[in-house]
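Below is one structure, written out as structure tokens; the observations come after it.
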Amino acid sequence: MIVGGTRVDGAGVPDPGGDFLVGPFSYNTCEDRDLDGRIATSRGLGDIRPWTNAGGVDHDGGVETAADECIINYTRVAGNNTRTVAVDAQNDLWTGGSDTQHEKLDGDTGAVVPGTVFSLGCGGYGGLIDKAGTLWSARYGSNLLRYEPSTGTGACLDTSHGDYGLGLDPTTGEIWHTTVGGNRVVKLAPDGTVLGSFPHGNVNAQGVAVDGSGNVWVAHALFGATTVGHLRTDGTYVGNVTLPGGTGPTGVAVDSNGKVWVTNITTNNAQRIDPAAGPIGGGGFPVGAVDLTVDLGAGAGPYNYSDMTGSVLGEVTAPVGTWSVVQDGGFANQSWGTVTWNTEPQGSEPAGTSITVEVRTANTEAGLASQPFTAVSNDVPFTSSGRYIEVRSTLRANSAGDSPVLSDLRVKTAKRSGVFSCRATALNLAGIVVAQANPPDIPCADDHKQVATVNLNAGILNVRANALTATTTQTPDDLLIPPAPGDASTAYARVEYTRISTLLVTIEVGVIESSAAATCVEGPNGLEPELTGSSQIASLKINGVTVQVGSAPDDPPGDRHPVPEQPDDLRRHHHPTRPVPRHPPDRPGHRRGQGQRGREAGNPIRQPV
């Protein structure tokens, strides 16, 4: 099933007549089998896609050759002419056929559950599962089947119990069963005992439904009828609802708003009944009136006589509801990290209720349905990647009817455990800073500063410098992207010419360059930092005398002095560059914290000489 999306043609261009659907979808269980990012599926009535069964590969089950990607399961079952399809509280499916063979299918995989095939010689038409998990299956063989899966026992009930449509009272758990002829609908206790037989306003009947307000609704069948019968659960006949423009009502069902839907096979439409409308009938209750008609198209021929709205399943058999949402992470292979919910006081889980949250991810929205869901815990990190994430929340009520409340559900990407730092300073004279890139240092960011000329005085010290440059870079720019090998912060500083003078000494320095980098690399325990750096002085003169200079690796963090500390020491500090983590290396896939910082390049003058 798929809700929402946009119709497109083979080139992906929006087209109402296109053969494909693309997201965003409100809901989707269809599977993108060819992984093209689209769902190939029927446009509706009359648009039947090929299913070649080439080589018989799908003969015994499977959908490999089905062109319609919303056909996701095909299972061979024991029963012939399968009519019973009833879902139990575990979301498994009971089936039955005209040969009275019944068996259960797994609700997740569609596979037959071994050891569940049985036949008592009855049932196989319309069916339902009641509050206690009992299977009721109508009509074939010796009539009505009542079967308890928990004990593997059951019985066939004769036509005094009814012979066609089945309905379930959501309040009492009682079963209502129509007879095709005879203007009679039968009320049964959960153990199969007949509690009463009542007229419903027409000689024929098919489907029957019971709402939560004590009303019973009977479809008056496909033999030309234009009404739906209305009575109370105590047997009081209220009256017939006229169906303007509707003929041949086969099925009725109650929706989540308490309104009643009827399908008309002859006029190819569905109509909605408002129980509170219409004239006052028996017992002083409104008869009801049609407030909406939906045309289903010529040839639709809707033939429904069971729980077509799912109200019996959702409110009685399995009081479970689901809510799902799809989030776009913005790029392929997004790393998702946590889901949180019920952080607000509105959220609640009364005793015996539950909220289960599951996720699945894929790089296309259409590809989500082919991925399995994985349960996650509230605000507990998990690992899953893909551009799109679907979060499904399942809310289960308790036996008393209390429901949990889901509030404030949030999904977050995997967070980095820290960020790189970086800063580049071309000149720092006694706290006077010139040409500094990314002054905040944390986090690292792309920045560039350039100064043409500077002339500074600090006491007896004068410094003149030309063409000062400082640059910092951060890779990647977007720190929401999951950490990966090659992520780095770099700092670079350059001064073209520097002249330092005091009363007795004049120092002239040619090009000074300094660089430093921190790079993520794979280590034995996951990602760890690799620190590199270098400094170079092109030339040096002291009082006009040339002094031999060279280059060397930069100092490790905490010991950075690119120029001599004392006038008589003209060598560069020469320490091998190595990682010096200030915290233990992070776990794989996490950015290291602020304490594991990048390097600072530059600072050619850090202390007065």
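Does segment 308-326 contain any residue that is in a strand (DSSP E or B), of a type outside the set (A, V, I, L, M, F, W, C), surrounded by 15 or more Cβ atoms within 10 Å (Cβ to Cβ) and at pLDDT 85 or above?
Yes - at least one qualifying residue is present in segment 308-326.
Kindly list the number of the only condition in (1) in contact with a Leu (Cβ under 8 Å, 6 or more places away or on another chain); (2) hydrophobic (A, V, I, L, M, F, W, C); (3) open to solvent by less than 30 Å² (accessible area, probe 1.4 Å) that fails for residue 118.
The failed condition is (1).
Failed condition for residue 274, given (1) of a type in the set (Asp, Glu); (2) within 19 Å of residue 165 (Cα to Cα); (3) open to solvent by less than 50 Å² (accessible area, probe 1.4 Å), with all others met?
(2)
Working carefully through the options 73, 91, 80, find the one that is without any contact (Cβ under 8 Å) to a residue 24 or more places away in the chain and either within 28 Å of residue 166 (Cβ to Cβ) or in a strand (DSSP E or B) (or both).
80
When you look at residue 48, is it open to solvent by 40 Å² or more (accessible area, probe 1.4 Å) and of a type in the set (A, V, I, L, M), yes or no?
Judged against the criteria, residue 48 is a match.
What are the residue pairs meeting all of these: first residue in segment 236-263, first residue over 21 Å from residue 222 (Cβ atoms), second residue of a type in the set (A, V, I, L, M, F, W, C) and open to solvent by 50 Å² or more (accessible area, probe 1.4 Å), Cβ atoms under 7 Å, and 6 or more apart or on different chains?
Taking only residues 6 or more apart or on different chains, the pairs are 238/285; 255/261.
If I filter segment 293-302 for residues that are farther than 19 Å from residue 236 by Cβ, among the polar types (S, T, N, Q) and modelled with pLDDT under 95, do I get at least one hit?
No: segment 293-302 contains no residue that is farther than 19 Å from residue 236 by Cβ, among the polar types (S, T, N, Q) and modelled with pLDDT under 95.
Quick check on residue 476: is it more than 25 Å from residue 329 (Cα to Cα), at pLDDT below 90 and surrounded by fewer than 18 Cβ atoms within 10 Å (Cβ to Cβ)?
no
Name the residue that is nearest to the chain's Cα centre (by Cα), counting only residues in segment 371-403 that are hydrophobic (A, V, I, L, M, F, W, C) and surrounded by fewer than 18 Cβ atoms within 10 Å (Cβ to Cβ).
Residue satisfying both the conditions and the ranking: 373.
Which of the numbered conditions does residue 200 fail, given that it passes all the others? Conditions: (1) open to solvent by less than 30 Å² (accessible area, probe 1.4 Å); (2) at positive phi.
Of the numbered conditions (1) open to solvent by less than 30 Å² (accessible area, probe 1.4 Å); (2) at positive phi, the odd one out for residue 200 is (2).
So residue 3 passes all but one of these: (1) open to solvent by 70 Å² or more (accessible area, probe 1.4 Å); (2) of a type in the set (A, V, I, L, M); (3) modelled with pLDDT under 90. Which condition number does it fail?
(1)
Does at least one position in segment 204-212 carry a residue that is more than 20 Å from residue 83 (Cβ to Cβ), under 42 Å from the mean Cα position of the chain (by Cα) and open to solvent by less than 40 Å² (accessible area, probe 1.4 Å)?
For segment 204-212, residues more than 20 Å from residue 83 (Cβ to Cβ), under 42 Å from the mean Cα position of the chain (by Cα) and open to solvent by less than 40 Å² (accessible area, probe 1.4 Å): present.
Tally up the residues in segment 488-504 that are outside any strand (DSSP E or B), under 16 Å from residue 456 (Cα atoms) and of a type in the set (A, V, I, L, M, F, W, C), please.
1
Based on what the data block shows, is residue 100 without any contact (Cβ under 8 Å) to a residue 40 or more places away in the chain and either of a type in the set (S, T, N, Q) or in a strand (DSSP E or B) (or both)?
no
Could you list, in sequence order, the residues of segment 27-45 that are over 17 Å from residue 362 (Cβ atoms) and surrounded by 11 or more Cβ atoms within 10 Å (Cβ to Cβ)?
Selection gives 41, 42, 43, 45.
May I ask you to list the residues in segment 128-138 that are modelled with pLDDT of 95 or more and either within 23 Å of residue 250 (Cα to Cα) or buried (at least 24 other Cβ atoms within 10 Å of the Cβ) (or both)?
Residues satisfying the conditions are 135, 136, 137, 138.
In segment 111-163, what residues are outside any strand (DSSP E or B) and among the basic types (Lys, Arg)?
Passing the criteria: 131, 139.
The values are calculated or read from the model by the stated rules, or taken from the named source; none is laboratory data. Because the structure is predicted, anything quoted here is derived from the model rather than measured. Note: ideal-geometry Cβ built from the backbone for every residue, glycine included; neighbour counts use all protein chains shown. Ligands, DNA and RNA are excluded from the accessible area calculation, which covers all protein heavy atoms including side chains. Shrake-Rupley method; radii C 1.70, N 1.55, O 1.52, S 1.80 Å.
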